[in-house]
1. Could you work out the equivalent-ellipsoid semi-axes for region B:430-526, taking the square root of 5 times each eigenvalue of the Cα gyration tensor, largest first, in whole Å?
2. What are the DSSP H helices in chain B that stretch 20 Å or more along their long axis, judged by alpha-carbon atoms, and whose average Kyte-Doolittle hydropathy comes to at least -1.0?
3. How much length is gained on full extension from B:Leu652 to B:Arg405, taking 0.36 nm per residue of separation minus their Cα-Cα distance?
4. Under the Kirkwood approximation for Rh and a Cα-based Rg, what ratio Rg/Rh is obtained for the protein assembly as shown?
5. Please report, in debye to the nearest 20, how large the charge dipole of region A:223-329 is about its Cα centre when each Lys and Arg carries +1 at its beta carbon and each Asp and Glu carries -1 there.
6. Please give the peptides A:176-187, B:495-506, B:681-692 ranked by average Cβ packing (other Cβ atoms within 10 Å per residue), highest first, as a rough proxy for protection.
7. Tell me, what does the Kirkwood hydrodynamic radius of region B:207-320 come to in angstroms if you use every pair of distinct C-alpha atoms?
8. Report, for the protein assembly as shown, the % of DSSP beta bridges that are antiparallel, rounded to 5.
Amino acid sequence: MRPFDYERATSLHDASERMSDAAAIIAGGTNLLDLMKIQVMTPSRLVDISRLDGLDRIDDHDGGLRIGALVTNTALATDPRVRAGWPVLSRAILAGASAQIRNKATTGGNLLQRTRCPYFYDTAMACNKRAPGTGCSAQGGSGRMLALLGTSEDCLAAHPSDMAVALAVLGASVEITAPSGELRTLPVTQLYTLPGNRPDIETDLKQGEIITAVVLPAPRPGTAQTYRKVRDRASYAFALVSVAAVVLMDGDTIAEASLAFGGIAPRPWTDGSVNALLAGAEASDESFARAAAQLVPDSAPHPETEFKRPLLRRTLIATLREATGLAGRVDTARSL
Amino acid sequence: MTEIFRMNEAQPRLLDEMRQGVVGKPLSRPEGPKKVTGTARYAAEDLPDGCVHGVLVRATISRGRVTGLDREAIRDMPGLIDVITDARLLRNPAQGMAGVAPCQPNGEVFYHGQPIALVVAESLETARDAAHRLPVHYEEIAFETDPEAAQDREDKDPETAGHFDATFAASSVTIDARYRTDAQAAAAMEPHAAIAQWSGETVLLRGSLQMLRFNRDELADSLGIDPERVRILSPFIGGGFGSKLGIGPEAVAAAIASEKIGRPVRVVMSRQTVFDTVLRRSETLQRVRLGADGDGRLRAISHDDLVSNLPGESFAEPVSQASQFLYGADGLSFSQTLARVSRTPSGSVRAPGEAVGMLALESAMDELAEKLGLCPVELRLRNIPETHPMTGQAYSVRRLADCLRTGAEQFGWARRGAPGAQVEGDWRIGMGVASAARKSALVQSAARVRLLGDRAVVETDMTDIGTGSYAILGQIAGEMLGLPVEKVDVRLGDTSFPGASGSGGSFGANSAGSAVFLAAKKIRAELAAQLGCAPGELALQDGIARGGNIERALTDLVSSEIVHEAEIAAGDTSKSHLSSGFGAHFAEVAVNVWTGEVRVRRMLGVMAMGRILNEKTSRSQALGGMIWGIGSALTEALEHDPRTGHIVTRDLANYHVPSHADVPGDMSVVFLEERDDMANPIQTKGIGELGISGAGAAVLNAIAHATGARVRDFPALPDRVIRAIEMAGV
């Protein structure tokens, strides 16, 4: 671990002022500290915003919620308003990490966590995200946790967040405060940039900008919401594939469906054409298979992610079967 | 010198005659409160004054030679003390019970991640940073990382009985199936750690090690000094599972650095280093062929395997170990190929052999039952041999049939319907069974027991890796001396005590337990002599000795202390009889037909494993083994980079041991009462590893029953289940 300065910000403005290329903001630190110990990230300064006032509140806001960036994952997942109005968010958060980590991890930090591509974590191997221009060891390497969509020659990494997938499906926005104090908002889906030839750049955030809140739009009454995460063990593992679904039924017909996908792309993945195919369709395996065919690419960018094509197709179908009631109500499924 | 007691004939059940009710009781571990309050001091925690910190520098090539370290590049780092290269540094840990130094490569590199130097600094952070920054120059040579493609391989002569080819050809129903298992890690919670401190000519090593008697010799041999100059302390171990059997690179590096620098040196492996350099379980490719008559009597059994290791390592995962004596046939054949590859070396990981071999054997048995249209429990019952099919040895005591029948009854096996028939929404429900077998052993062990009035002290270099050694050794001494366990102080994990087996191969309780028993028996004989009665007439209870017509308090009888040491070793019975634990595992799973997810709903293990010394610690071990079974069946896989061979899943977030959610709430263990008179004087069998042996196969067989599709690549990850389902067209 490299020596670093630790500074406690006194205000948002103060925090922005202290930021530089060599500095990092720390809140929960659940990902950053691990990365610092293995020297994947080597900031010379940590700016601690965890004690700033007012960022740890969940407030009613335009019929929806404004979630402070320092609200912990646990507090957000267990908030009665969230559980009642946006259950997919609660489910997605609880599908991630462990209770200990969720107690510490924050809303803003969760959005900005780094990929779990094993080559990003291994300083003995080349990685364009960690050290721009060195190459991508994942190409030709071991690929189980890599992305299926949105990748580039220079980077195959997937974004690991579950929470972000639920926020994407709910149409949530991120509130960003500039050093000047000016606010701007971005849909969660637009926060992230695709890797292209600069995989080290992951978001639209400019230097000194800080995520201060996430804004949830008003809940959609009558929707069935679910988050389905398939992984290599039942808990405490990153998604191979995850699907967040918000579905409004009209009899046996899908009136509206909104889907978002995790574990398969450098950002929470959404595809409007898939939602459009489902709107007005009958709830049937055939409709779901058509939606899956629209989403799943014809080939995988890495031979070891080939399995994610059938897995994504099947998980999408399974999730829609669950959300539309086609799968039947079964204890095993609910206990997942 | 203490005379060695050799196990040459069946032994009387003296422990049963004591009637104290201490042995067998479900007593909690006496060191438990220390562990849960953080006051048990583990290897890395007892920092001596002036201790400095070492971090292992590791190779970033897979094969070749270190041609130079650029020490100048890091020389100005504040707090940096030294960069140590030494011909005595280890390539990897010693294999279990080696007793000599493992490979000392002296600059040669055999695998990616191999330790090549030690950076020592005033702080751990500086040492870690310096190890990271140190430029290393290499000369690389060609290498192979894929065991199945390796040219450098050793084919061992097949072990055979009868004529396999002929009997297989003559069989009316046959199975010929290939199975793969991914490599696995021991994944002990406590990382490997050592603190070395020299005083004069001797070195004191605080380590996390399972077999101190051997480790002392290994450390001495590695350093090139006399074993008398080495003392090792390892009182608490945060899990071993085989990964701490032999002395490791951290210990030898700490000792070398401490000698050179003249200060105590601590070396703690990072989690990634543990995965990279500690002996893993080899991946396996297995072929099982079974031939049977139409009525389900096995005529031919063959189990061939391919495993891997580094050049020069003698260990090869003994895949077919249990296949050689579990069932009988007219023709049997077992062969092994060992591929030499540049991967983290392999060694003993919990239940070496059975943990992966029984996944294949018991899957094949299930496939055979299916083909025969026979109940899988019945097929197993029909093929229990009279004697060891390879050696002709008698079984000491074996309750395999009882385990299978009891388990079937208690699990509700009769309710098991046709494959794929039980549907709950998108989930298919199935039941599976597998036999369990794990050979039991007795390893030379010594122990000392001191009786000081109405309390006793047990001393041996035996270790407790979290399994309950402190508890059971106190119970044995207490039972023999008529003392409650609170009055018995058990001292372990110090090479200055009499040398025992250490913890490994499920033989610790058999071996160290017998030594304690024999030492206590000698004390009884001395007490009897003092009372003037025959040893058989002596009764000890609650600190009172009775014999003849005399009754005296031990506090009166023992003026200062009575001390006896005893040592035991295997003898003729180990040749005449096969001592093995046997059991039966049952599992019920739910499989999602869309996503391939598998959830174990309930599990039952019925085991007969000799005398149960402590019902609670035994049960915990059996349950732990069954959870390992779930891991090998469903979740645990080391992924190797195809180019460098290095382990990609090298932390506990990416190497998936079962989480709580993977383990069903309904998980039970039933012990069938047993005494193994041929095994040792306390009539025990090994316990630790029987729980894992076959447990995973029960889960895998349940998947096949649930879905009608057979997964043959283990663990059965969701994509592998999907592939099997799609291939089976169900």
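No lab work stands behind these numbers, since they all come straight from the coordinates. Quantities reported herein were computed from a predicted structural model and do not represent experimental measurements. Please note: Cβ atoms are built from the backbone with ideal geometry, for glycine as well, and neighbour counts cover all protein chains shown.
1. 28, 15, 12
2. Values: long enough: B:354-372 (26 Å, 0.41); B:508-531 (34 Å, 0.50); B:615-630 (22 Å, -0.21).
Membrane-span-like by this criterion, though nothing is claimed about a membrane: B:354-372, B:508-531, B:615-630.
3. Values: separation 247, 0.36 × 247 = 88.92 nm, distance 3.83 nm.
Extra length available between B:Leu652 and B:Arg405 comes to 85.1 nm.
4. Radius of gyration relative to Kirkwood radius: 0.99.
5. Numbers: 12 positive and 12 negative charges, 98 e Å.
It works out to roughly 480 debye.
6. Taking the mean over residues of other Cβ atoms within 10 Å, the ranking is B:681-692, B:495-506, A:176-187.
7. Working: mean 1/r = 0.0575 Å⁻¹.
Answer for region B:207-320: a Kirkwood hydrodynamic radius of 17.4 Å.
8. 75
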